[in-house]
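Single-structure report; data block below.
The values are calculated or read from the model by the stated rules, or taken from the named source; none is laboratory data. Predicted model, so just to flag it, every value in this text is computed and none were measured. Backbone-built Cβ (ideal geometry, glycine too); neighbour counts: all protein chains shown. In case anyone asks, the SASA skips ligands and DNA or RNA and just uses the protein heavy atoms, side chains included. Shrake-Rupley method; radii C 1.70, N 1.55, O 1.52, S 1.80 Å.
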Amino acid sequence: MTTSIVAIRTAALQSKLVELKAQLQEALAREVLVEGQVYQIHVGKGDTAAVISATLVGQRARENGAVEFRFSAGVGFDARYYDLSFSKVVTDVEGMSSNKIAQLITRTETALADVENYVPSTRAA
């Protein structure tokens, strides 16, 4: 019985992984920003949270497949750099960011690697 549960769980996780990887490709395709352009970005948390204008100066792909964007705001001694995911950029784009999807892929891959230790929850009927 345990073997069939593990097989079902493995199939479900593999299916979810395929779906998430497709979603990641779609997210990356819509998360196109142009270097040198000014964007509105979310910075800080809580009482220090703000939306500021910053110039995109670069981007890089992270290990998990997401893209990280580098923004520059201010000049001279007041210049600051912000390394942010797409979700921190103020845009009209709908859906989950590539960063969030990449996190879900990592969680799913971890669950798949540990599927042998999966114990289904038993709920009282």
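Just a few scattered comments:
- P(r) weight above 26 Å for the chain, C-alpha pairs, percent: 40 percent
- Computed extension gain for Arg9 through Ala73, at 0.36 nm per residue and net of the alpha carbon distance, reaches 18.3 nm.
- Within a Gaussian network of the chain (alpha carbon springs, distance under 10 Å), most fluctuating of Val90, Val38, Val75: Val75
- For the chain, built as a Gaussian network whose Cα springs stay under 10 Å, the top-fluctuating residue of Ile52, Ile101, Ile41: Ile52
- Simple Cβ-charge dipole of the chain, Lys/Arg +1 and Asp/Glu -1, about Cα centre, in debye nearest 20: 240 debye
- At the residue level, Val67 shows approximately 30 square angstrom of accessible surface with a 1.4 angstrom probe and all protein chains present.
- Over the chain: helical MRE at 222 nm, DSSP H runs n ≥ 4 each giving -39500 (n - 2.57), nearest 500: -12500 deg cm²/dmol
- Here the scattering of region 3-72 is modelled by Debye summation over its C-alpha atoms, one equal scatterer each and no solvent; at q = 0.15, 0.19, 0.20, 0.23 Å⁻¹ the log10 of I(q)/I(0) is -0.69, -0.87, -0.91, -1.03.
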